[in-house]
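Scroll down for the structure; my scribbles are underneath it.
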Amino acid sequence: MTTWQSEWLRVDYVKGSRRFSNLCWACILLCGAMGFLSVGLSSYIGTDLIPTLPAEQILFIPQGIVMCFYGTAALFLGFYLWGTMLWDVGSGYNPFDKRKGIFSIFRWGFPGKNRRICIRFVIKDIQAIRLEIREGFYPRRILYSKMRNRQDISLTRIGEDSTLREIEEKAAELARFLRVSIEEFQDRIYFV
């Protein structure tokens, strides 16, 4: 995530679903789906569609039907992941404008009439910048804007891969720019 800042304006860019992990999962799902579908259809036809995936000993009822079902489900899930990466769902930016006294959250959604998601808030309503840190098997580091009389607003992507140092520096820079304090919530989970 990159940031642009001047004296009166700060823009934090948020990365969307175009990530290497999503690309890997989409490729794995599509390859697995094709394998399951070809074995299921091979058991129905009675001949091997792909020579390296023999289906001679698989009966169409019940194994072949189950293989076709899992292959179809994985195919749809793979296409869904490819679609989210193509449209870069979740990407956007957070502009903080001191002159106008507002900050916005802009994100791209799925195609349609509500593809652009833009929510505006008043900067004076920001009480603090809250940093949530959970260590453990699945570490979670999220930056929130603690609002007056409202729910906290997430400023970073939930699954963002930031180091502890990067997220702390970002929180400090943003708090310094907005002239608010930093609150930290730590939940340490250790697996023995």
- prompt: Can you pull out the residues in segment 125-147 that are surrounded by fewer than 16 Cβ atoms within 10 Å (Cβ to Cβ) and without any contact (Cβ under 8 Å) to a residue 24 or more places away in the chain?
  reply: Y138, P139, R140
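Taking Y80 as the residue in question, decide whether it is part of a helix (DSSP H, G or I), among the aromatic types (F, W, Y), in the same structural domain as L37 (by TED's automatic domain parsing) and more than 20 Å from the chain's Cα centre (by Cα).
Answer is no for this residue.
Would you point out which residue out of N94, N114 is in a loop (DSSP other than H, G, I, E, B), out of contact with any Pro (no Cβ under 7 Å at 6 or more places or on another chain) and under 20 Å from R157 (Cα atoms)?
Just one listed residue meets the conditions, N114.
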- request: Name every residue in segment 86-108 that is crowded, with 16+ Cβ neighbours inside 10 Å and closer than 30 Å to I28 by Cβ, in order of residue number.
  value: W87, V89, G90, S91, G92, R107, W108
statement: Of the residues in segment 8-51, those that are modelled with pLDDT of 85 or more, surrounded by fewer than 16 Cβ atoms within 10 Å (Cβ to Cβ) and outside any helix (DSSP H, G or I) come to W8, L9, Y13, R18
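The values are calculated or read from the model by the stated rules, or taken from the named source; none is laboratory data. Predicted, not measured: the structure shown is a model, and the values here were computed from it. A quick note on method: Cβ atoms are made from the backbone with ideal geometry, for glycine too, and the neighbour counts reach across all protein chains shown.
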